[in-house]
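One structure below.
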Amino acid sequence: MITESQLQPENAVRRDTVPAGDYYMQIVKKGQTFRILDLEGNQAADTLFYNANHPAERYSAIDTIREQGNVYLTTGTKILSDQGNVMLEIVADTCGRHDTLGGACATESNTVRYALEKKTMHACRDSWLLAVTEHEEFGLTKRDITHNINFFMNVPITESGGLTFEDGISAPGKYVELKAAMDVIVLISNCPQLNNPCNAYNPTPVEVLVWDA
Ligand SMILES: [Zn+2]
């Protein structure tokens, strides 16, 4: 559902630009709201969430989908943890639909999906692994990398129940905004890959803005 935000960028307490192929890893405190802004359109922001005070608790696609009875995420979606707790809620969304079924790109899946020589191409999973390695203070390791949300990514489900990766439905300036219901570690890989029609084969930066309660 398309819902605009009342928050003004000039009042944000943090603003970070995340180039394609880079990651964003920050704690967003309970009550704070953050926005992922698709600066140039059709980008994929592959995102993981963890309870900042107990990182073994993390985003669960299964629980989130089951409780809302919808496979797509948008305004009103409560992002649930694997322990059934609300981590965040989507409070504004000018894109209208986000994927949590397609998974993140990995070097292995790129070889299956595209071509063998894609094995050495940078993938979202690499960016997450680099993030947890460069930020030991968050207490995460390789084993904590699990299923994710693909903000701005268009992965419609076909009538026969399959998944298709389609050209994106986002556009320059579209955003999604989430309010934290607990202190969360936000780990975003801004997708680097050149094979995915979701980003129109043109990886571009996103911006992340945070507002206090
Ligand atoms: Zn990716």
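Counting only DSSP H runs of at least 4 residues, each contributing -39500 (n - 2.57), and dividing by the residue count of the chain, the helix-based mean residue ellipticity at 222 nm comes to -3500 deg cm²/dmol.
Estimated at 0.36 nm per residue, the fully extended path between residue 54 and residue 109 surpasses their Cα-Cα distance by 16.8 nm. Convex hull volume of the C-alpha atoms in segment 40-194, normalised per residue: 119 Å³. Can you pick out the pairs among 78/119; 78/118; 78/174 whose Cα atoms lie more than 29 Å from each other? Beyond 29 Å between Cα atoms: 78/119; 78/118. Look at the alpha carbon pairs under 8 Å that are at least 6 residues apart: their mean separation over the length of the chain gives a relative contact order of 44 percent. Sorted ascending by nearby beta carbons within 10 Å, beginning with the fewest, 121, 87, 182, 1 become 1, 121, 182, 87.
Every read-out reported here was derived from the displayed coordinates using simple, explicitly stated rules and does not represent laboratory data. In this text the structure is predicted, and so the values were computed from the model without any measurement. In this analysis, Cβ positions are derived from the backbone assuming ideal geometry, glycine residues included, and neighbour counts consider all displayed protein chains.
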